[in-house]
1. Any residue in segment 1-26 that's within 21 Å of CYS38 (Cβ to Cβ) and acidic (Asp, Glu): show its pairings with residues that are away from the ligand (no atom under 12 Å from the Cβ) and not in a loop (DSSP other than H, G, I, E, B) at Cβ separation under 6 Å, as long as the two are six or more apart or on different chains.
2. May I ask you to list the residues in segment 103-120 that are part of a helix (DSSP H, G or I) and free of Cβ contacts under 8 Å to residues at least 24 places away in the same chain?
3. Just need a number here: residues in segment 105-119 that are more than 20 Å from ALA83 (Cα to Cα) and out of contact with any Asp or Glu (no Cβ under 9 Å at 6 or more places or on another chain).
4. Can you tell which of GLY42, GLY21 is at pLDDT 55 or above, closer than 30 Å to CYS8 by Cβ and away from the ligand (no atom under 16 Å from the Cβ)?
5. Looking at segment 61-70, can you tell me whether even one residue there is of a type in the set (Gly, Ala, Ser) and either under 30 Å from ALA111 (Cβ atoms) or at pLDDT 90 or above (or both)?
6. Hey, GLU98 hits all of (1) modelled with pLDDT of 70 or more; (2) assigned to a loop (DSSP other than H, G, I, E, B) but one; which does it fall short on?
7. Among the listed residues ARG30, ARG54, identify the single one that is at pLDDT 90 or above and away from the ligand (no atom under 14 Å from the Cβ).
Amino acid sequence: MIVLNLLCDHGHHFEGWFASGDAFRDQSDRHLVHCPQCQTSGISQLPSAPHVKRAGTDVALPERPGAPVAAPGVAQLHQALAAMARQAENVGERFPEEARRIHYDEAPARAIRGIATADETRDLLEEGILVLPAPIPPDDEIH
Ligand SMILES: [Zn+2]
């Protein structure tokens with residue numbers, strides 16, 4: 001459907017809905033289009049561009065800036081971290097010690113997870129050991 005801006009012989013502006021511009025011209029030629037105010041069939045289309053009715057066609061329109069996109073959200077990030085955590089060896093409270101051992105090649109390199117205090121985490125980072133504070137579910141949710 002398109003909406004056309006129409007003008008009757010008596011200067012009344014109104015909008016008409018048509019399947020296409022051709023449909024309007026066809027109906028107008030057959031005097032099927034009438035002004036809603038004075039009922040004349042002397043209707044002309046104003047030169048302004050018709051706009052396409054958008055209802056139901058939004059998905060086909062180009063993306064607008066700021067439109068929601070399927071970017072990874074916080075929930076997906078948490079899921080990814082939880083998936084990583086499931087594959088990591090749980091070393092519990094030995095995490096800071098084990099992270100250091102891995103970092104200094106005293107233990108096999110592997111993904112580990114565990115518990116570290118904020119101070120311990122900061123110390124590890126200062127030693128150049130990459131640790132990632134993550135919202136890992138409790139152990140009983142990881143199998
Ligand atoms: Zn009129």
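The values are calculated or read from the model by the stated rules, or taken from the named source; none is laboratory data. Quick caveat, the model's predicted, so the values are computed rather than measured. Ideal geometry is used to build each Cβ from the backbone, glycine not excepted, and the neighbour counts take in all protein chains shown.
1. The qualifying pairs are GLU15/VAL3.
2. Residues satisfying the conditions are ALA118, ASP119.
3. 6
4. So the residue among GLY42, GLY21 that is at pLDDT 55 or above, closer than 30 Å to CYS8 by Cβ and away from the ligand (no atom under 16 Å from the Cβ) is GLY21.
5. Filtering segment 61-70 for residues of a type in the set (Gly, Ala, Ser) gives 66-67, 70.
Checking the rest, the ones that are also either under 30 Å from ALA111 (Cβ atoms) or at pLDDT 90 or above (or both) come to 70.
Yes: segment 61-70 contains one or more residues that are of a type in the set (Gly, Ala, Ser) and either under 30 Å from ALA111 (Cβ atoms) or at pLDDT 90 or above (or both).
6. (2)
7. Checking each option against the conditions leaves just ARG30.
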